Structures are given as C-alpha cells and as structure tokens.
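Rule-based calculations on the coordinates, nothing more; no lab input. From a predicted model like this one, the values you see are computed outputs, not experimental measurements. Methodologically, a virtual Cβ is constructed for each residue, glycine included, from the backbone with ideal geometry; neighbour enumeration extends over all protein chains shown.
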Amino acid sequence: MSVYATPTQPDRPRLGVRRKTDSLLSYTIRKIGQSLVTVFIVITVVFLLMRLLPMEGYIGEGYDKLDPEQREAILRSMGVLDPWYIQLKNFYIDLARGDLGTSITFRRNVPVAEIIGPKIPYSFKFGMGAIALSLTCGLCMGVFQAREKDRLFDRLGTGYIVFINAVPAAVYYLFLQLYITSATGLPILFAPEDPKSWILPTISMSLGGIAGYAMWIRRFMVDELNKDYIKLAKAKGMSSTGIMFKHVLRNAFVPMAQYLPTTLLMTIAGSIYIESLYSIPGMGGLLVDAISRQDNPLVQALVLIYATIGIVGLFLGDILMAIIDPRIKLVKGGGAR
Amino acid sequence: MVKRLALFVTMIALIFGAIGPVVPARAAAPITVVLDGKVLPTDVAPIIRNGRTMVPFRAIFEALGAEVDYDPATNTVFGFKGPSFVILNPGKTTAWVSGRYSKLDSGPVIVNGRTLVPLRFVAESLGEKVEWIEANNSVLITTTPDVPLPAATALDEYKMVYSGEFVSLNYLTTNNANDMVASANTIDALVGYDNYGVMRPSLAKYWKTSADGRTYTFTLREGVKWVDYTGKEYAEVVAQDFVDSAKYLLTKANASSHSKPLYSAIKGAKDFYDGKTTNFSTVGVKALDKYTVQYTLVEPVPYFMSMLTYVCFYPVNGQFLAQQGSKFGTDNKTVLYNGPYILKTYEPQNKREFVKNEKYWDKDNVHIEKLSYKYNKEASTLAPELFFRGEISAADIPINVLDAYMNDPSKRNQIRSGLPGTYNYWYAFQFDPKFEAEYEPDNWKKAAASLNFRKAFFHGFDRVAAMLTYDPYNPEGQIINTLTPPNFATADGKDYTKLAPLAKFSNGDSFDPALAVQYKNKAMAELKDKVTFPVKVKMPYRTDLTDWTNRAVVVEQQLEKLLGKDFIDIIPVGYPATNFLGSVRRVYNYAFLETNWGPDYADPQTYTDPVAPGDPYKYTPIELVDDGTYKKLYDAAIAEVVDLSKRYELLAKAEAYLIENAYVIPYRASGGGYVASKLDPFTTPFAPYGSASLSFKYRTLLSKSRSAQEHDRAYEQWKKDRAAALKKAGQ
C-alpha cells in the first residue's frame, strides 16, 4: 500500500445541484450505512478466502516431524478446524465485543491489537513527515516550474520527475541508503532514539511524492495560466506570485483535496520497502507477512483497519472538497459514493 | 549421628593420609602406583582383589585431578572431572561411568575403615591409560592432558542483524527455527554439549542408568535459579520442574510440537497424551525428591542422552507457567530463564538483546556478555555491507556478490568458507507416482522398479555439475556419498561412513558415465516391451530458489545428454514455495526429486528415518519395489540397542543396501557457502541435532574474521582437539 495517492489522475469532482431536502447529516448517515455494508462484505470475503488456504501452511516448517494427532491438536488450538460458518460467527461476536482476536502464527497467542498498536506510531510519524516534506517541496517545485516553464529550473525539475517515475523506487532507495550513509555518516539502520536515523527514510519516502505533486501542480498551472480569469488578474495588475498562489494554486489544489484525507490516514499502513530497508518497526509489510503465514486473525484485523480508513478517507475527502470548492455539493441520489 | 561419625572418620583419614608415612599392607610384594613417572603416595597401601589393584579412592581421584565427593547416606563415592564422572558403591559391583551402568568384577572394598576402589576402572573411566608392570609389581598410569575449553577474550559484544522474528518464546510448544535461538540460550537442559561435541553434565550433576537401560535417574545441581528478564531470582530449579514440563507437553490441548519424542520414548506417556488416563503418576517422569528426577523408558533407547538437549526435556517452573496461562512466552517478561543468557530486551521487528545471566551456574563458560540483534527484513542482503563497515560481527556472503568482495584484498582475507551443515540432500525416486497423466505415471512406475534403470541414474548423475549451481567456487566441497554425512557418529574410533559396508561408497564417487551407459543399455533391453521410451521423468523444483531453478535445467541437460533422449525425457516442473512439500513430496507428485532431511538424535538411524520401511514421512514407499531385504536389515539394526558398535555396523549395512540398490542417490550436505565472521566457529557448542549448537555458551569473538587459510588451520586443529576430547571423555 503506498503512502501516496498520487493525484495526477483525480476523478472529476462531482458537480450537482443543491436540493433543499439534502443535509450534511442525512448524507453522513447514509454514507456510514453504505460504508458498514462495504466493510462487512470486504471482511467476510477476505475471511472466507483465508479459509481456502492449505492447513499445512498454519504449521509451517516443522510439519514433517509431527504426528497427525499433533498436527490436529495444533490446528484445533488455532481454531481453524471448526466449520467456516462457526469461525465466522465467532469472529463477528468477538469483533462486536471489540476483540480483534489473538495471533496464531505471527506471534502466537499475542492479541492482535498488541501487535498492531506499537507499529502504527512509527509508520504514522514517517508518513506524516514524508507527506509534509513532499507537499512543501512538491508544491513549491511545481509552482516554480510552471513559472519558469521551459527554462533551466523547469527542465531540471522535469528531469527529476521523469527519473523518479522511470527508475524503480527500489533502485534509488538502495542507492541512497548505501551511498549517502557512507558519504555522510548517517546511520544505515533506524533507531528510534537516534534523531539522525529519521532523516534518510523520511527523505526517501518523500521523493515519489515530491515528483507527483510537482508534476500535477505544474501541469494544472500551465493549463490554467492561459485562462481568462488569469488574464483578468494580470490586467488588474496582480503580481505573478500573487496570481500563482492566490488563484492558480488554490484551484489546482481542489482535486487533490479529495485524496488528502485518505493519504494522511493511509500513512499508518507504512511503506513496505522503506521500512524493511531501514529496519523501521512499522506497519509496512505486516499484511503481506500475515497473509503468507496464514495468520487469519491478524489478516482480518488489518483488512478491517485498512478498509475502514479507506472508506473514511474518501468520505472526509468529499466533505473537504465541498468545503473548499463552493461549487461542489454533496447531493442525494445515485451520484454519491 | 552416623553421618557425623563418617565425616569424622573421613577427616581423620584425610589428615592421616596427608601427613602419615606410606605403610605397605603386605611387606612381601608392595604394589606401587606410578602416575606420570611419580609414585602415588597412599595412606593405605594398594591391595589386589580378584586380580584387580585397589587403591584409596581419595588418593587416586585427587591425583587424577578429579573432585571427590562421598555421600554417607547411600555410602556412595563420587569422582567428577570435566565431562566425566564415576560413581561407586563400596561393597557393590555396580558402578556408573558418566552415567553408563557398569558391572565390576571387583567392587570397592573397605579396609581399615578406608574405601579402596579398583584403580584401572577409575583411571580408565576418567580417560587415562593404565598398564600393569608385572616385573616390579607396579601400575603405570599415563595421563593425557585435558583439551581446554575456550577461554574468554576481551571482546564481549556480538552484534547481528536478523530477519526472522520470534513467533513465540513458549519453548514448550513452538517449533519455529528462530525461536530455538531463544530457548537454546536462555534455558538450560540436564546435559549440554561443549565445542568439541563432548556431552557434559549441566543441570544434572550426575546420573545413573539402570542395568536394563530403561531407567535414567538424574541428580540435579543444587542452587540453580530461575530468574526473570531483569535477572531477579524467582525460584530454584528443582526436579518437579521437569515433571511439570512433561505434563504440559503431554497435555494435548497445549498443542505442543515437541510431544512426540517424549511420548515415543517415555513409558505411559502416549496413554496420557491420548487421554486414556488422566493420572500423570502413570507416566514415567517422576520427581523422586527435590533434586532427583527419573525418566522411565518404554524400551531402551541407545541415544536417549542425546535427546535430553531437545526442548521436550527442558524444565519449566510449574507455578509460573500456571500463573501466565496462555500468556506464557508471548514476550520476554512472560518466561523465566535458567540458562547462560537472559532476553533483556525484546521489541518485535525492531531489536532484541540477550545479556549474560549473572546467576547462571556455569557463568565462567559464558564469554560474550551481550548479544545484540537488530531487525532488518533484508538482513541477509544488508549483512555483508554492515559487516565490512564494522557494524555487525558476522555475515554470510551470498555467492552472487562474492566476486565483488573477493576482488577487494582487504575484504578477501576476511572471507572463509562456511562449515558443513548437518542436513543431507539426496535424490529420490517415486515408486508410487501420483501425478498428471501427461507425465505418464504408470510408465514411470514400471521403469523406476527396475534396478538397471535406477542405476543408470545413479551412475549417470553428475553431482558436481549440479553443485555448480549452488557453489561455483568449490562444487566438490559439500558432496556426500552416503545418507549419513561424515563426522556425525563414530564407532570404536571409526567414522560411521567409513565402516565396512559404507566405505566403498564414501571413498568413491557414484558418477561413472561409462557404467551409467551400460546400465542404460541393460535397462532398455530389460524393459523393451514393458515400458515406453523415452521415459518421462517429472522433476519438480521450487521456483523461488534461483539455485534450484538453475539446477533443474542443469540436471535435465546433463542426464539427457549422457543417457540419451531415447532413454529419458526429464521434465522440470516449477512449483511455488508455498506448500511445496505438501503439494509435491508428501503426495508423491514427482518421479525424481531433490529432497532433504535433518537429524534428530545422536544415532545414524536418524538419517534413515525418511526412508524407513512404511514411509512414515511420505518420501517414497521403497517396499513397493524391494523384496523385503531392506526391511529385514533395517529392523535388525534398530533392534540392536545394547551393543553400539554392532548397531552401527548393522545400520551401515542397511544404508549401504539402499545406496547399492540405487533407491537413493546421496548428493550433498547442507551448509558451506562463504562467511565473514568474528565469531570463532570452533568455540560453538557442537551437536548436529537438537538446539545446542545455537547456544552462545563457550563461544568467543575474534578480533578479526579469519582468512581462508587461517580458518583451515584452525579447522584442522579443532578436528584433532575434538578427537582427543571425545576419546578422553570416552564418548
């Protein structure tokens, strides 16, 4: 899961006509209802898919040297021998009590919440740092590229964007880790207590975002600069910096706003590659690990979390857009998601 | 009162012995005991009983450097020295040498209130040479120096990166390989292995085996403590801890992966496990008193002592276990420690730190103070770079990046080859194929049943060519010619693989192209009307392993080229890592397959387990094509549980039969590869089975990684030392 929803190809904002019966409250309630159904379906499907995995996968490497009765005892203790509907029922009963269950193969008998809990802050901090960095750098870069269109800075910037998009991230991540650490003496592995060890991972994580934001802003601005209202603003004698930031940037930012909440919330999912390179004990890769080890409770909990924040993020995005752009209304009817 | 009197008498005797003159008992022919050229002074003169020279026990034990003990309650004499100990009872002819039951033709006697013990027996039990010189009525004892255990170095922190996180610290249930690192370093067993592979008493101070080999009685070291993760004392380690652990393991609901060795060996254990009885006192694990634990076996197991280093014989504090319930072992705070290290810090997917257990009973043999592990998902990729930057203490150098490091002279001389591992790899033929019709299972079945057909493979398979895909620099290094790798077991000072039945294989090479073609022609003639040629050979491999993927192609081309496409058509079929064995080997979904096995106990039988009659582990049912000879050979070998030399000879015969009939094609041992490491590998506890070799007890760090030459020299020295140490300990 990426930290960034790269806003290069946003959905067209839904425009609609205000109806008098519509209110934010009823919209919210309807939306929550729909979201619950979606989450329920997602969780149930994932739950059932996990039950299709072979039983041997729960036992792992020691399988050969166990007697059939030992295998049965182990599977029974994991609760995977019950019929799927019993397991599903138990899962929802526990969930209703707020119990996400205990891990079966990832960290045996440890409550899933205890596994996930300490990981979220790491991913969140790095994600937020990286978003802050990529928004700041990306927006500035995009604005200046648009202003300097076809001049040196723009070309350099475009070169950077092309490089980031063309070269697999793994390559420049590794390059940064190995060469920058040996050139600067920055630590190669992350240690929470060492502030210096936060620097490189954050920078690495923001590189893709910088390119994405810069590209989007530049493109939008270049399109926008030829429009009538800009000409008017120019004619009125506004400074070009003022035009850039007050008019163009604001308009360019609207479609991005829809994805911003999701992007922020999804930071807790962590970055698989950066976290594994720098030994950051975050969430990145946890879902992949959990699936490959067939840790059903852990998979279910993670899917629940990700599905929920995905939906909440979209919902907040809609609201945020409506707030920023007065033309957009949250309409009743088939248009809303 | 009796105790005091005995002590008094002993003390008087001691003082008398120390200052008194040597008074010969019989003026006529005084016997002198000469130890390394010096006459051994004894307060009571040596005597001869039943043709055996008897000397005062304290004099001889102390002269041989053994620690002496006497238990007046049971009238037992003890001598402890390094890994060995001798137990004698005055007036009785039973004795124990390092726990093994022995029958003496002349037991200790009491003369003038002093206990005299048979000299030869005692000295030989402690590994010394004894000669009787008739001419001058003297006994000559020649001692050999002890092989010293590793000494501490100034380096005291080992740093490592790791990618395999602990799944559980509940050592009683988990069978995850990474978890074994934790238990091997934090939990002590009754016995342990040193760096030469010599078994040494650990939590058990000494033990006795019964005459029938079914009962083992261990007396525990007193004052050994359980401590928590901060090093705070919790309780003493007592006999009940072994009973509590056995009970937990044998309770099916606890879903332990370690119950099997226990319920296959211990009397009454299977019934308890199966729920046929709920009365644990029917199980042959008993705490006779606070410090005495007794195991009773279903039948004698010649390698039982080696099983004690397995998790299933680890103790647990029952009170703590009950208190923690299902939380036991979920982190470092919910387990207790009695071993060389404590898991002080445990942050999953971040770091772990083991520190030396200051309350460990044998802490003088723990030299590295701290083991620091930093998590990294790509640890194996990152490790070489971190090692050469000086940030970690050891790294495996993957073959694919070896060149880069070898071209740098400063790095090259820090790289050496890895030690051979204990897993064996061999190629198996499937005799009951269950695969898709397109690969013609029936045709294969008929072909594989032919000895000539199999022998064409056996002699046609160029193992070195196949090994090039694993180690292009030293492809011969890991090749083995028997199922049991060399240096695993010895009988009468001879390596098991060099015993007569196996010698012809272990001294040769199965690859013989001319012979292979001869067998091919014989097979084609023999099978002309029964089998369709070329025979399709389904050969699965794992697609996630680059070396195996490459090897599949190499093996296909090499065999087809040599034996001809008119004879065989090898078809490599790739399968993913997930559930590979479950979808290939265990369901007989192959014709020809590279497969492996790791040993479980100190007996060559362990390597024939995967090919045992009845195919208990689902490799291939050999009995379908064999005429029953193999089963007979196998059964005869495992029935021999008393005479170890004979047992090994019989096992070697059975193994040789398997190879002779090309039921298996031995291929290579695990391990090898290339390593840069500051750990001295020859200070590592040596045991091919169990988790002893994961322990950091005895281990020391070098100031710099050894070069290949330095490593080879040290390896040769270690092999010599090991042989000497084993010989001295009588193991």
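Measuring r between the beta carbons of A:Arg76 and B:Val298 and using R0 = 22 Å, the FRET efficiency lands at 0.25.
Sorting B:Phe696, B:Phe313 from the fewest to the most surrounding beta carbons within 10 angstrom yields B:Phe696, B:Phe313. Rounded to the nearest 0.05, the FRET efficiency derived from the C-beta distance between B:Glu124 and B:Met406 at R0 = 45 Å is 0.35.
Exposed loop sites, defined as trypsin sites (Lys or Arg not before Pro) outside DSSP H, G, I, E and B with at most 15 other Cβ atoms within 10 Å, are absent from the longest region of chain B, namely B:93-231. Axis of helix A:199-224 versus longest Cα principal axis of chain A: the two differ by about 40°, to the nearest ten degrees.
Counting only other chains, what is the mean number of Cβ atoms within 10 angstrom of the Cβ of each residue in peptide A:274-283?
Values: counts 0, 3, 8, 5, 4, 13, 5, 6, 2, 1.
Mean inter-chain Cβ contacts per residue within 10 Å come to 5.
Rounded to the nearest whole Hz, the Karplus-based 3J(HN,Hα) values (6.51 cos²θ - 1.76 cosθ + 1.60, θ = phi - 60°) of region B:204-219 follow the sequence 7, 7, 7, 8, 10, 9, 7, 4, 7, x, 9, 10, 10, 10, 10, 9, with x at glycine and proline.
Which pairs break 30 Å Cα to Cα here: B:Lys205/B:Lys632; B:Lys434/B:Lys631; B:Lys247/B:Lys631; A:Lys31/A:Lys246; B:Lys646/B:Lys720; B:Lys232/B:Lys290? The answer is B:Lys205/B:Lys632; B:Lys247/B:Lys631; A:Lys31/A:Lys246.
Remark: spin-label model distance B:Asp442-B:Trp132 equals 7.4 nm, labels positioned 7 Å along the Cα→Cβ axis. Compute the Kirkwood hydrodynamic radius of chain A, taking the inverse of the mean of 1/r over all pairs of distinct Cα atoms, and give it in Å to one decimal. In chain A this quantity evaluates to 23.1 Å. Here the simple spin-label model places points 7 Å from the Cα toward Cβ, and for A:Met128 and A:Leu24 these points are separated by 2.3 nm. Put simply, the amide H of B:Thr422, placed in the peptide plane, has neighbours under 5 Å in B:Ser670, leaving out anything fewer than 5 places away on its chain.
Taking every residue in B:257-264 and counting other chain Cβ atoms within 10 Å of its Cβ, the average works out to 4. Against the empirical curve 2.2 N^0.38 Å, the C-alpha radius of gyration of region A:201-307 lands at a ratio of 1.58.
Obtain the radius of gyration and the Kirkwood radius of chain B from its C-alpha atoms and give Rg over Rh. List each step's numbers first, then the result.
On the way: Rg = 28.7 Å, Rh = 28.6 Å.
The Rg/Rh ratio comes out at 1.00.
Couplings 3J(HN,Hα) for region A:78-93, derived from phi with the Karplus relation 6.51 cos²θ - 1.76 cosθ + 1.60 (θ = phi - 60°), are 7, x, 9, 8, 5, x, 4, 6, 5, 4, 5, 4, 4, 4, 6, 5 Hz, where x marks Gly and Pro.
Length gain on complete extension for the stretch B:Ala503 to B:Asn579, per 0.36 nm per residue less the alpha carbon to alpha carbon distance?
Full extension from B:Ala503 to B:Asn579 adds 23.6 nm.
Averaged across B:577-583, how many Cβ atoms of other chains sit within 10 Å of each residue's Cβ atom? All intermediate terms of the calculation are to be shown ahead of the outcome.
Numbers: counts 1, 6, 6, 1, 4, 6, 2.
Across B:577-583, the average partner-chain Cβ count within 10 Å equals 4.
Taking 0.36 nm per residue of separation and subtracting the Cα-Cα distance, what length does fully extending B:Leu155 through B:Lys363 add? Intermediate results must be reported in sequence, preceding the final value.
On the way: separation 208, 0.36 × 208 = 74.88 nm, distance 1.61 nm.
Difference between extended and current length: 73.3 nm.
Helix A:119-147: angle to the longest alpha-carbon principal axis of chain A, degrees 0 to 90, nearest 10? So the inclination is approximately 20 degrees. Relative to the present Cα-Cα distance, how much length would full extension add between B:Ser670 and B:Thr278 at 0.36 nm per residue of separation? Stretched fully, the B:Ser670-B:Thr278 segment lengthens by 136.8 nm. Shown is the FRET efficiency for A:Glu114 and B:Lys719, computed with R0 = 51 Å from the Cβ-Cβ distance and rounded to the nearest 0.05: 0.60.
Scanning residues 5 or more positions from B:Val33 or on other chains, those with amide H under 5 Å from its amide H are B:Leu40, B:Val139, with H placed 1.01 Å from N in the peptide plane.
Residues whose amide H lies under 5 Å from that of B:Lys205, counting only those 5 or more places away or on a different chain, are B:Thr219, B:Leu220, B:Arg221; hydrogens are built 1.01 Å from N in the peptide plane. Taking region B:607-731, how much of its Cα-Cα pair set, in percent, is spaced more than 17 angstrom apart? Within region B:607-731, distances greater than 17 Å cover 71 percent of Cα pairs.
Quick check on the exposure proxy: order B:Phe682, A:Phe190 from fewest to most C-beta atoms within 10 angstrom.
Details: B:Phe682 22, A:Phe190 25.
Placing the least packed residue first, the sequence is B:Phe682, A:Phe190.
Backbone N atoms of region B:434-473 closer than 20 Å to the 7 Å Cα→Cβ label point of B:Glu660 belong to residues B:449-460. Here region B:410-440 is scanned for amide nitrogen atoms under 20 Å from the site 7 Å beyond the Cα of B:Asp569 along Cα-to-Cβ, giving B:430, B:433-440. With respect to chain B, whose longest principal axis is taken over its alpha-carbon atoms, helix B:177-186 is tilted by about 10°. Here the 3J(HN,Hα) profile of region A:289-294, calculated from phi with Karplus coefficients 6.51, -1.76 and 1.60 at θ = phi - 60°, is 4, 4, 5, 5, 8, 6 Hz, Gly and Pro shown as x.
Name the most mobile residue of A:Ser206, A:Ser77, A:Ser276, meaning the one with the largest mean-square fluctuation, in a Gaussian network model of chain A with Cα contacts below 10 Å. The residue that fluctuates most here is A:Ser77.
Note on A:Ile180 and B:Ile110: the model spin-label points, each 7 Å out from Cα along the C-beta direction, lie 8.3 nm apart.
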